[in-house]
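Q: Below are the C-alpha cells for one structure; questions will follow.
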Amino acid sequence: MPLDPTAPVRVVRRFEEPAERVFDAWLDPLVAGRWLFATPTGTMVQVAIDARVGGSYEIVERREGDEVEHVGAYFRLDRPRSLAFTLWVPKYSQETSRISVDVAPLEAGCELTLTHRDLDPADHAVAEAGWTTALENLAATLAQGRHDGCGSLAGDPDFPDLAEKRPRRLRMSVHQESATDAAGVEPQEWPRPVAEGLAFLRTGIVNVFLVGRPGAGDRNWVLVDAGLPGWADSIADAAARRFGERARPAAIVLTHGHFDHVGALETLADRWDAPIYAHAMELPYLTGRSAYPPPDPTVGGGAMATLSWLYPRGPIDLGDRVHPLPEDGTVPGLPGWRWVATPGHTPGHVSFFRDADRALIAGDAFVTTRQESALAMMAQRREIHGPPKYYTCDWEAARRSVEALAALDPETAGTGHGEPLSGEVLRVGLQALARDFDRAAVPTYGRYVGRPARADATGVVSVPRDVPHPLLRLGAGFAVGFALGTAVQRLTRDRRA
Ligand SMILES: [Zn+2]
Ligand SMILES: [Zn+2]
C-alpha cells in the first residue's frame, strides 16, 4: 500500500453470507462479542451496543488480567450497506480514529470494504494486518453460526433491536460457549476414536487426546495436552463420557507448552488434582522461567501467522505441579507408550508412541491441516504439513524430528491440529514430508530459517534478529505493535526472549 500519510487503511473481503448478516455481525452483541476486538486468549467481559446514530458502544475484553476497553460512537448506520463509528482504546491511546464499513451485496454473498482513518502511518501495516485477521475471524464466526445457530445468526435476519432505542447489554464469556465446533460435530459426539484406547477432542482449532480404554475409571487414563483456554468443561465432559463420571486421569502429559495446548491445563490439573509431565527442556516455559522465542509472523502467510502477534508467549507458571518426563522414555500412567523427543517446533517438544499398534500422538511435530490458514483450519482438510511455521524456532531440528517419526512408520497419527490420519495416506504423506522437508515445510525466508533460536534447560539463550516481511516492510516505524482493537495504538511488546 502507498506510503501516503493521509491515506486510510483499507481492507476488502468477500463473505458467503448475505449483506444483512455481515452488517448485523458488527452490531449484535452476541455475535460481535465473538470476534470484534476479541483475541484468542482474552475473555470478553462486556459487549454493550447502542446501535443507532449517536449511540455508543463499549466492548471490554480481559487480556492477561487487564480489562481492555474499546469505546466509540456510531455516526452512520444504513443497514445493510454502510456503518461508521469512532474507536478509542483509552488504555493505550489518547487518539480517536474513524472506521467505516461498506457492504456491497453480490449475487451470492457480499463484499465488505473496511476503511480506517486517522491512523499514524507507522501503524498502517499493523492495522491492515489486524483488520485482515479480524475479518477472517468474522468469516469464521459467521461460518460457525451456520452450524450452531448462535445469537441472531441462525434466526430472523432482521435486526429488531436496531429499532429499539435502548442499548443491548450483555455480560458474557465468549470462549466458554463454543459448544459446537466448525466441523459441526455435536458436543456429545466427542471424544472421537483414533485407535484402540485412544480418542481425541477438538478444542476450537487444537486437539487434545484421551488415552485409556472406555470406562477405564478413576486414575486409569491420561490426558495429552490441554487445548485452548475456556475448554476445561468440554474436556472434562468428554473425559467423563469416555472413562466414567468423576474418573480423574493418572496424569496430564504435554507434547509442548504453547498456549493453545495448555489453555485449560491449570483448571483441569486443579480440578483433577493430577500431576503434569513435560520434557525437561520444556519446563522453563511452564514454570515461569523463560518465554518462548517470539513467533515469526513473516512466515507462512495467512491469518494465523498474522494473528500470532496476538498470542501470549509469556510463560505460565505451574510451579511444582509439573515434572520432567522420566528419562527412560516411559510415560507416567501410560504403560505401553513411550515418549520420543521431537524438538524443533519448541525446544522440548515430544511425541508419544505405542509400539504395539504403532499409534502416534505427534503434537505439532507435524500437523494434518495448514495451520497458517484460519479457513483451512475451520474446514479441517486432511493434508500432512510440517510444524506450524510461525512458532517453529529450529527448522533443522524440526526436520530431524519428522524423519524420526517417519522412521517409526506409524499406523495412526493424531496431531495437535487437524484430523487424525492412518494407513497409506499417513505413511505416504509422512515419508514424503520427511524426504522433502526443506522444500515442503521450511519457509523460504523467515526469522528462524537457517538461524535457530538457541535454548537450554534454563530456557531461551539467544534468538536471531527479526527480519521484516517483504509485505510489511514499512521502514523502521514498524516495530512491535499489535492487535486489532489495539491496532490503533502502539502496544509495546515485551522483547525479552
Ligand atoms: Zn505449538
Ligand atoms: Zn499447536
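The values are calculated or read from the model by the stated rules, or taken from the named source; none is laboratory data. Only a predicted model underlies this, so the values are computations on that prediction, with no experimental measurement involved. Reconstructed Cβ throughout: ideal geometry from the backbone, glycine too, with neighbour counts over all protein chains shown.
Q: Contact list please: Cβ distance under 9 Å, first residue in the stretch 217-239 and more than 18 Å from residue 44 (Cβ to Cβ) and in the same structural domain as residue 268 (by TED's automatic domain parsing), second residue among the basic types (Lys, Arg) and in a helix (DSSP H, G or I), pairs at least six apart or on different chains.
A: These pairs meet every condition: 221/242; 236/271.
Q: If you don't mind, there's one more thing I want to ask. Might you let me know whether the stretch 221-235 holds any residue that is within 16 Å of ligand 1 (Cβ to nearest atom), at negative phi and acidic (Asp, Glu)?
A: Among the residues of the stretch 221-235, not one is within 16 Å of ligand 1 (Cβ to nearest atom), at negative phi and acidic (Asp, Glu), which makes the answer no.
Q: Ok, one more. Examine the stretch 421-438 for a residue that is surrounded by 13 or more Cβ atoms within 10 Å (Cβ to Cβ), part of a loop (DSSP other than H, G, I, E, B) and touching a Phe, Trp or Tyr at 6+ places or on another chain (Cβ under 7 Å), and state whether such a residue exists.
A: No, that holds for no residue.
Q: Return the residues of the stretch 7-44 that are at pLDDT below 90, more than 19 Å from the chain's Cα centre (by Cα) and part of a strand (DSSP E or B); say none if nothing qualifies.
A: 9, 10, 11
Q: Taking strands (runs of 3 or more DSSP E) that fall entirely within the stretch 70-132, which contain at least 2 residues that are modelled with pLDDT under 90, assigned by TED's automatic domain parsing to the domain that holds residue 28 and surrounded by fewer than 18 Cβ atoms within 10 Å (Cβ to Cβ)?
A: Hits in the stretch 70-132: 96-105.
Q: Right, another one. Taking the stretch 240-264 on its own, how many of its residues are more than 22 Å from residue 337 (Cα to Cα), within 16 Å of ligand 2 (Cβ to nearest atom) and either free of Cβ contacts under 8 Å to residues at least 24 places away in the same chain or not charged (D, E, K, R) (or both)?
A: The total comes to 4.
Q: I need the full set of residues from the stretch 236-282 which are of a type in the set (Phe, Trp, Tyr) and within 16 Å of ligand 1 (Cβ to nearest atom), in order please.
A: The one that is of a type in the set (Phe, Trp, Tyr) and within 16 Å of ligand 1 (Cβ to nearest atom): 259.
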